[in-house]
Amino acid sequence: MADERRFAGIEAGGTKFVCALATADGRILARERIGTADPVLTLSQTLEFFGRAGREHGAPAAAGIASFGPLDLDPASPAYGSIVSTPKPGWSDVNILAAVRDGLGVPTRIDTDVNAAALAEGRNGAAKGCHTHAYVTVGTGIGVGLVAGGRSLIARGHAEMGHIPVPRAPGDDFAGVCSYHGDCLEGMASGPAMAARWGCPAQGLAPGHPAWAMQAHYVAALCCTLIYTVRPDRIVIGGGVFEQPGLHAHVRRVLEPMLAGYGLAPHERDLDTLIVAPGLVETPPGLLGALELARQAADG
């Protein structure tokens with residue numbers, strides 16, 4: 001018997017909320033972009049969209065939220081589902097989970113935007129069929145989503161691997177741009193770091209510019225850490241910086257001598273299939289991941 005349920009998905013970003021009502025098999029019935037303003041206005045517009053879409057296509061059975069953060073993801077915390085300590089004005093301590101769950105009156109699940117993207121890549125993207133995989137996004141920040149057995153890996157909080165220390169590339173004396181750590185991974189290799197270092201956004205740098213070798217070094221260092229700690233079946237790397245042609249291949253070339261062949265499983269030796277580009281490009285993976293969270297909420 002066909003699953004006739006409807007699911008609500010929200011990709012909640014600092015600039016915009018992308019909302020969608022979809023069928024159980026992922027077909028999007030209605031979609032709307034809402035600018036991220038103050039929390040009361042933004043969340044009320046979000047709920048209004050789902051009210052209209054539900055009246056036309058059927059009310060959602062559950063909802064999923066892929067949100068900017070940082071987030072409180074500890075179910076035992078009184079602030080579970082809240083955005084905490086964000087520089088986005090007005091959004092610190094806003095319980096976005098409670099607002100959507102109570103507003104729609106349906107089971108609701110929340111996760112980070114990058115964890116949600118990882119879920120989507122595992123369901124229908126470049127990590128389909130993998131038991132354990134990572135999704136890395138390199139853009140305004142650097143985030144890593146981790147999935148095992150179809151569920152994101154969360155303890156009392158979510159991974160912040162963009163802030164791990166990384167070995168400096170040879171000859172690199174750049175101070176870094178992270179306001180907390182200076183030369184952590186994000187401070188050295190995010191989009192803003194590239195712009196500060198080279199005086200030009202990543203999109204304006206020529207293919208042969210030395211920026212790309214340095215970028216490959218830092219992302220390869222991240223991949224090395226992931227391989228020796230999480231042991232993923234696949235590492236999917238996306239984000240605006242990685243729209244540069246050839247950058248995935250450059251990371252593989254730099255990563256191979258870093259690993260030095262030590263302690264690797266057969267699939268980890270095949271870097272062409274271990275380090276890949278995203279498979280989902282038509283619809284934002286964070287939105288698709290939000291719909292996957294809704295399915296998980298509905299199914300318990």
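Miscellaneous remarks
- Entirely in region 177-264, the helices (runs of 4 or more DSSP H) that have 3 or more residues that are open to solvent by less than 20 Å² (accessible area, probe 1.4 Å) and farther than 30 Å from K128 by Cα: none
- Scanning region 129-176 for residues that are without any contact (Cβ under 8 Å) to a residue 24 or more places away in the chain, of a type in the set (D, E, K, R) and surrounded by 15 or more Cβ atoms within 10 Å (Cβ to Cβ) turns up just one, R168.
- Residue tally, condition farther than 26 Å from G149 by Cα and either among the β-branched types (V, I, T) or in contact with a strand residue (DSSP E or B) (Cβ under 7 Å, 6 or more places away or on another chain) (or both), over region 97-122: 2
- Residues located in region 13-28, provided they are under 20 Å from the mean Cα position of the chain (by Cα) and charged (D, E, K, R): K16
- Of the residues making up region 265-281, those that are under 16 Å from the mean Cα position of the chain (by Cα) and in a loop (DSSP other than H, G, I, E, B) are A277, P278, G279, L280, V281.
- A single member of P75, P70 is open to solvent by 30 Å² or more (accessible area, probe 1.4 Å) and either on the phi > 0 side of the Ramachandran plot or touching a residue at least 24 places away in the same chain (Cβ under 8 Å) (or both), and it is P70.
- Count - residues of region 265-286 that are of a type in the set (D, E, K, R) and surrounded by 16 or more Cβ atoms within 10 Å (Cβ to Cβ): 1
- The condition of being open to solvent by 30 Å² or more (accessible area, probe 1.4 Å), modelled with pLDDT of 95 or more and not polar (S, T, N, Q) holds for only one of G81, G105, that being G105.
- Residues that are over 15 Å from A63 (Cα atoms) and among the charged types (D, E, K, R), drawn from region 5-24: K16
The values are calculated or read from the model by the stated rules, or taken from the named source; none is laboratory data. What you are looking at is a predicted structure, and each value in this text was computed from that prediction instead of being measured. In this analysis, Cβ positions are derived from the backbone assuming ideal geometry, glycine residues included, and neighbour counts consider all displayed protein chains. Please note that ligands, DNA and RNA were not included when accessible areas were found on the heavy atoms of the full protein model with its side chains. Shrake-Rupley method; radii C 1.70, N 1.55, O 1.52, S 1.80 Å.
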